[in-house]
1. Check whether at least one residue in the range 73-84 is farther than 27 Å from Gln169 by Cα, modelled with pLDDT of 90 or more and buried (at least 22 other Cβ atoms within 10 Å of the Cβ), and report yes or no.
2. Across the range 154-170, which residue is modelled with the highest pLDDT among those that are within 15 Å of Thr116 (Cα to Cα) and open to solvent by less than 30 Å² (accessible area, probe 1.4 Å)?
3. Being modelled with pLDDT of 80 or more and in contact with a helix residue (DSSP H, G or I) (Cβ under 9 Å, 6 or more places away or on another chain) is the filter here; which residues of the range 200-215 pass it?
4. Select from the range 223-247 the residues that are over 24 Å from His288 (Cα atoms) and of a type in the set (Val, Ile, Thr) and list them in ascending order.
5. Within the range 123-153, how many residues are in contact with a Pro (Cβ under 9 Å, 6 or more places away or on another chain), surrounded by fewer than 17 Cβ atoms within 10 Å (Cβ to Cβ) and at pLDDT below 85?
6. Check the range 248-262 and report whether any residue there is within 30 Å of Pro290 (Cβ to Cβ), modelled with pLDDT under 80, part of a helix (DSSP H, G or I) and open to solvent by less than 30 Å² (accessible area, probe 1.4 Å).
7. Here are Gly25, Gly45: which of them is more than 16 Å from Ile131 (Cβ to Cβ) and either touching an Asp or Glu at 6+ places or on another chain (Cβ under 9 Å) or not acidic (Asp, Glu) (or both)?
8. Of the numbered conditions (1) free of Cβ contacts under 8 Å to residues at least 60 places away in the same chain; (2) open to solvent by less than 60 Å² (accessible area, probe 1.4 Å); (3) not hydroxyl-bearing (Ser, Thr, Tyr), His212 satisfies every one except a single condition; which is it?
Amino acid sequence: MATLDVDVIGLIECLVSPGWRLSFGSADAPSIHYNLSGTGRMVVGGFSAFPLVPHTLVITPAKKPFHIEVDNPTAAKTVNVVEAEWDPRSGERIQRFVAGDVDPMLMLICGYFRATYGSSIDLFAGLSTPIVEHFGPGDELGSKLQAALAEISGRQVGMQAMTTAILKQVLVTLIRRSLNSTSVWLERFSILSDRQIALAFADMAARPAADHSVMTLAHKAGLSRSAFMARFVRAIGCSPMVALRQMRMKRASDMLAARTLSVEQIARAVGYRSCSSFLRAFRQVHGHVPAEYEGEGRSAPPAPRRSARRVGRS
C-alpha cells in the first residue's frame, strides 16, 4: 500500500429528506459515498437502483451521472428534485447539498478523488459499474470520513495531507475487502492479490530510473520470463515496459511542473540516457513534447516503428 497515492479533489455533505431527490451530473473523476444514517436508494448512470442503508460505501465511475433519493411514505413517488451543482474548483472547502425542507432521512459523506498505484495505474480509471459494499460500525469508516470533514472545516496547517491520509485509509479498507470478495470488481485490484507481480511492480514504482528489463523484473518476481509477462499483462493490462514508461513520464511531468530542473536533467533523473529518447517517450505518452521544447520551436524525434525491450537505453 506504500505506492498507493490518493488525491482528494473535493468532499461533500449530502442531506436528503423523504420525498426528495438529489441529482448530480457527470464528473471527470470517480466519486465515493458513505451513508452515515438513514435509508434510501441510489441510481448511477443507466444501472438499476440499489438500496442505501447505514454504512453502505459506494464508488461511482467517472463520467456517470447519479442521484440519491428517499421515498415519501405518504406519496406514490419522489417528485421533488434538487440539481446539485458541484464546483470542482472548491478545493479546500466543503460543499453541502440539501434536498428537502424537513429533517433529512439520508445523511452521506461524499467526495471526488483519484487513486493511483505506483504513480501510473489508476485503480478506478476503467471502472464501468458502481462498486457497492456494506460495512459495519466496527470498520469506523464513518468516523474517518467525519474526521476528514473536520480537517477541512478547521483549515489547519497540514489539512490537505491529513484528508488525503484519511481517504487513503478508507480506500485501503475497501481494497482489503476486495481481496476476500467474490464481487465482479475484484479484478480491479488483481495486481494486489498477485504477490509476485506486485513485488516487481513495487520495485518499478520505487526505482523507475533503474535499468529495468523484462528479465530483471521476472527475476525480482521469481518467475520465468514467459510466466512473468503473461501474469503482468493479466494483472496490469499492459506490458512491463509500457507500464515503466508510464511511471517515468508521470514522474517527469511532476518534475517539469516543479520547474527546478531542465528537460535534459529530468530525462536522466527518470532513467533515459539521451534527451531524444526521453522526448520520444514523452510524446508517445502525453501527445506533445515538454513546453520548454515547444516554446523554442524544437520538436521531439519521430517515434520508432517498434519499441525496444529495454527502456532507458539509447
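The values are calculated or read from the model by the stated rules, or taken from the named source; none is laboratory data. Everything numeric here is computed off the predicted structure, so don't read it as measured data. Positions of Cβ are backbone-derived with ideal geometry, glycine not excepted, and every protein chain shown enters the neighbour counts. When the accessible area is computed, the model is the full protein with side chains, heavy atoms only, and any ligands, DNA or RNA have been set aside. Shrake-Rupley method; radii C 1.70, N 1.55, O 1.52, S 1.80 Å.
1. The answer is no; no qualifying residue exists.
2. Val170
3. Filtering the range 200-215 for residues modelled with pLDDT of 80 or more gives 200-201, 203-204, 207-215.
Listed by number, the residues that qualify are Ala200, Phe201, Asp203, Met204, Pro208, Ala209, Ala210, His212, Ser213, Val214, Met215.
4. Result: Val233, Ile236.
5. Number of matching residues: 4.
6. Scanning the range 248-262 turns up no residue that is within 30 Å of Pro290 (Cβ to Cβ), modelled with pLDDT under 80, part of a helix (DSSP H, G or I) and open to solvent by less than 30 Å² (accessible area, probe 1.4 Å).
7. On inspection, the qualifying residue turns out to be Gly25.
8. Among (1) free of Cβ contacts under 8 Å to residues at least 60 places away in the same chain; (2) open to solvent by less than 60 Å² (accessible area, probe 1.4 Å); (3) not hydroxyl-bearing (Ser, Thr, Tyr), the lone unmet condition for His212 is (1).
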